[in-house]
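Visitor: Quick one: the structure is below, questions incoming.
The values are calculated or read from the model by the stated rules, or taken from the named source; none is laboratory data. Quick caveat, the model's predicted, so the values are computed rather than measured. Note that each Cβ is placed from the backbone with ideal geometry, even for glycine, and that neighbours are counted across all protein chains shown. Ligands, DNA and RNA are excluded from the accessible area calculation, which covers all protein heavy atoms including side chains. Shrake-Rupley method; radii C 1.70, N 1.55, O 1.52, S 1.80 Å.
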There are 4 protein chains.
Amino acid sequence: MNVSEVFSIDGEVRDSELDLQGIVNNSNYFIFMAHARHKHLKALGIDFAKTHEEGHDLVLAEATIKYRTPLKSGDEYAVTSKIVPQGKIRVIMEQEVIRKSDKKVCAIGIFTVTSISTKTLRPEFPENLKLLLGI
Amino acid sequence: MNVSEVFSIDGEVRDSELDLQGIVNNSNYFIFMAHARHKHLKALGIDFAKTHEEGHDLVLAEATIKYRTPLKSGDEYAVTSKIVPQGKIRVIMEQEVIRKSDKKVCAIGIFTVTSISTKTLRPEFPENLKLLLGI
Amino acid sequence: MNVSEVFSIDGEVRDSELDLQGIVNNSNYFIFMAHARHKHLKALGIDFAKTHEEGHDLVLAEATIKYRTPLKSGDEYAVTSKIVPQGKIRVIMEQEVIRKSDKKVCAIGIFTVTSISTKTLRPEFPENLKLLLGI
Amino acid sequence: MNVSEVFSIDGEVRDSELDLQGIVNNSNYFIFMAHARHKHLKALGIDFAKTHEEGHDLVLAEATIKYRTPLKSGDEYAVTSKIVPQGKIRVIMEQEVIRKSDKKVCAIGIFTVTSISTKTLRPEFPENLKLLLGI
């Protein structure tokens, strides 16, 4: 796939993700979106685990989630992911969690991803990510 | 489906489920199996959330997991679930987590499920579960 | 305590919260901060579980976390929480996760909290929260 | 401390650990007990993260939890941990989660811990653990 395409995965709510309000606990949208980001990058040839082994840790510099409609028990959802390059050492990933039954946007996420060299502990993108972004 | 049939769902490892050993943290097999049990019961007409609203809480009395082979980043797996009725107030659910790539059994689970009335706080199966089990 | 005081709790990293990079997974800062917010509100007389039972669900409208320094195995931390009233139906809670050993700020959180009536499903603060905020 | 002493840590329920039944989700007892085991071993000089770096992965071969009384929002608890040596390559750890308010046992855990060499991928205890157990 192309780096500018919107990527998407499907998921469904696990009851263990609900809290006593009967809705998916806020922290889990974070996890759903992280999973979609990792799958998105992997589809583009950037593997989170392999990148770590090869000396670069992909990490978040900042995360924002806007909550719109809560997911409940049994809900199926899609999680989208879109890459917006941001200079030499940052990438923005824009995401949505969308309820399948009625296409309602449940949550919007904006994530600033960077990469730290495990040797120098300084910000540094791995070569394959630079290549991908054309930087 | 029939109550004696083996039920199965598919899943894939989320990187957030790995620990510093690079393998899926033990607690997550527990969550994978719980999700399969809930989906299994739902396929048989027993909905976890609805059952709670209607006055019965399905709960575990005991859980055993035997760990065989660890799942890693990117692994896809199946989780099976089989119901073994056990008298008037308990059901055993036998489960396996199987790695898709080579059919290796990663974990075996044995769960004793019971049900508590939210009114009396005493063990009591909901009517639809009694009907299902023929008790 | 007074509504304008900074609240703080202590915690320590659980190894199950680490990921394969050997650092606390991003989603867990979210959970640490949620725990501090709930304890903060409870210290002010607003109990999350009781508020739900009484017909109001405290929920997040928006969450932002800025990641500064990763927590690792064995680290002890403090989580602060500060309430910034924001009109009639929103409260901002500003938070920090601070590593105990060297007082480094590991993460900064800004959370917009609102409340939904479980009857009308519309935004509405419970009476005790209105009283607390003087609105 | 001595290897035969009972170790204990304190904790308190995070609201994010509750499920829609308003009780701590079963999987979290697993996490509470894992945290106590890791702290127990660390108090005896066996550090989970360091042991991994030095070439041995402490892993579970089997886990059993018996559920007695559910923890709820606001509950404080103790988690105990007791080591029972079991031959050359296994250690049993017996645990309890005890509600502080009334000393009720909420859950009983029995965990079979082993260790895998990250080089040979075969069961092998690290030297400091052998020394500790006198084997």
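Visitor: Anything losing 10 Å² or more of accessible area from the isolated chain to the full protein assembly: pick those residues out of region D:53-67, probe 1.4 Å, ligands and DNA/RNA ignored.
Guide: So the qualifying set is D:Asp57, D:Val59, D:Leu60, D:Ala61, D:Glu62, D:Ala63, D:Thr64, D:Ile65, D:Lys66, D:Tyr67.
Visitor: Right, something else. Show me, for region D:65-80, the HN-Hα J-couplings you get by feeding each phi into the Karplus relation (A = 6.51, B = -1.76, C = 1.60, θ = phi - 60°), rounded to Hz, glycine and proline as x.
Guide: Each residue's phi maps through the Karplus curve to give 10, 9, 8, 10, 9, x, 7, 10, 3, x, 5, 9, 9, 10, 10, 9 Hz.
Visitor: Related question: How far is helix D:26-43 tilted, in degrees, relative to the longest principal axis of the Cα atoms in chain D, given as a value from 0 to 90 rounded to the nearest 10?
Guide: Tilt relative to chain D: about 50 degrees.
Visitor: Sticking with this structure for a sec: So how much accessible surface do B and C hide from each other in total, probe 1.4 Å, in square angstrom to the nearest 100?
Guide: Buried area between the two chains comes out at roughly 500 Å².
Visitor: A follow-up question, please. Run through all the Cα pairs of chain B and give the fraction in each 5 Å bin from 0, expressed as whole percent.
Guide: Going from the shortest bin to the longest, the percentages are 2, 10, 20, 22, 17, 12, 9, 6, 2, 0.
Visitor: Continuing with this model, one more query. Note down the relative contact order for region C:1-82 as a percent, whole number, built from C-alpha pairs under 8 angstrom at least six residues apart.
Guide: 57
Visitor: What accessible area per residue comes out for region D:37-85, rounded to a whole number of Å², with a 1.4 Å probe?
Guide: Here the per-residue accessible area is 40 Å².
Visitor: Quick one: which residues, 5+ away or cross-chain, put their amide H under 5 Å from the amide H of A:Arg68? H built at 1.01 Å from N.
Guide: Residues meeting the criterion, in which the H sits 1.01 Å from N, are A:Ala107, A:Ile108.
Visitor: Still on this structure, please answer the following. Can you compute the equivalent ellipsoid semi-axes for the protein assembly as shown, i.e. the square root of 5 times each eigenvalue of the Cα gyration tensor, sorted largest first and rounded to whole Å?
Guide: 32, 31, 26
Visitor: Can you send over the solvent-accessible area of C:Tyr67, 1.4 Å probe, protein chains only, in Å² to the nearest 10?
Guide: Roughly 30 Å² of C:Tyr67 is accessible to a 1.4 Å probe.
Visitor: Rounded to the nearest 500, what is chain A's calculated 222 nm mean residue ellipticity when only DSSP H runs of at least 4 contribute -39500 (n - 2.57) each, over all residues?
Guide: Taking each H run of at least 4 residues, the total per residue is -7000 deg cm²/dmol.
Visitor: Which one of A:Ile110, A:Leu60, A:Asn128 is farthest out on the positive end of the charge dipole of region A:31-129, using unit charges on Cβ (Lys, Arg +1; Asp, Glu -1) and the Cα centre as origin?
Guide: A:Ile110
Visitor: Using θ = phi - 60° and the Karplus relation 6.51 cos²θ - 1.76 cosθ + 1.60, list the HN-Hα couplings for region C:46-60 in order, rounded to whole Hz, with x at every Gly or Pro.
Guide: Each residue of region C:46-60 in turn: 10, 9, 3, 5, 5, 4, 4, 4, 8, x, 10, 9, 6, 9, 8 Hz.
Visitor: At 7 angstrom along the Cα-to-beta-carbon line, where would the label on B:Lys103 sit relative to the other copies? Give the distances in nm, shortest first.
Guide: Copy-to-copy label distances for B:Lys103: 4.3, 5.5, 6.3 nm.
Visitor: Mind checking which lysines have their C-alpha under 27 Å from B:Lys103, skipping anything on the same chain fewer than 8 residues away?
Guide: A:Lys39, A:Lys42, A:Lys50, B:Lys39, B:Lys42, B:Lys66, B:Lys72, B:Lys82, D:Lys119
Visitor: Ok, one more. Quick check for me: using +1 on Lys/Arg Cβ and -1 on Asp/Glu Cβ, what's the dipole size of region A:42-125 about its Cα centre, in debye to the nearest 20?
Guide: Around 300 debye, computed over region A:42-125.
Visitor: What percentage of the solvent-accessible surface of chain A, computed with a 1.4 Å probe over protein heavy atoms, is contributed by carbon and sulfur atoms?
Guide: 50
Visitor: Suppose we keep just the alpha-carbon trace of region A:84-135; what are its Rg and Dmax in angstrom?
Guide: Every Cα atom of region A:84-135 included, Rg and Dmax give 15.1, 48 Å.
Visitor: Please give me the summed charge of the neighbours of B:Asn128: other residues whose Cβ is under 11 Å from its Cβ, Lys and Arg +1, Asp and Glu -1.
Guide: Its environment carries a net charge of -1.
Visitor: May I ask you to report, in nm to one decimal and beginning with the shortest, the distances from B:Asn2 to the same position in the other copies, taking label points 7 Å along Cα-to-Cβ?
Guide: Computed spacing set for this position: 5.3, 5.9, 7.2 nm.
Visitor: Under a Cβ-only charge scheme (Lys and Arg +1, Asp and Glu -1), can you give me the dipole magnitude of region D:1-69 about the Cα centre, in debye to the nearest 20?
Guide: 200
Visitor: Which whole-percent values make up P(r) of region B:18-62 when all C-alpha to C-alpha distances are grouped in 5 Å steps starting at zero?
Guide: Histogramming region B:18-62 at 5 Å steps yields 6, 18, 20, 21, 12, 10, 7, 4, 1 percent.
Visitor: Follow-up. To the nearest 10 square angstrom, what accessible area does A:Glu94 show with a 1.4 Å probe?
Guide: Roll a 1.4 Å probe over it and A:Glu94 shows about 80 Å².
Visitor: Next question. Give me the one-decimal Kirkwood hydrodynamic radius in Å for region A:28-107, with the sum taken over alpha-carbon pairs.
Guide: With all distinct Cα pairs of region A:28-107 included, I get 13.9 Å.
Visitor: Once you put a point 7 Å from the Cα of A:Asn2 and another 7 Å from the Cα of C:Lys50, both along the Cβ direction, what distance in nm separates them?
Guide: Using points 7 Å along Cα→Cβ, the separation is 5.8 nm.
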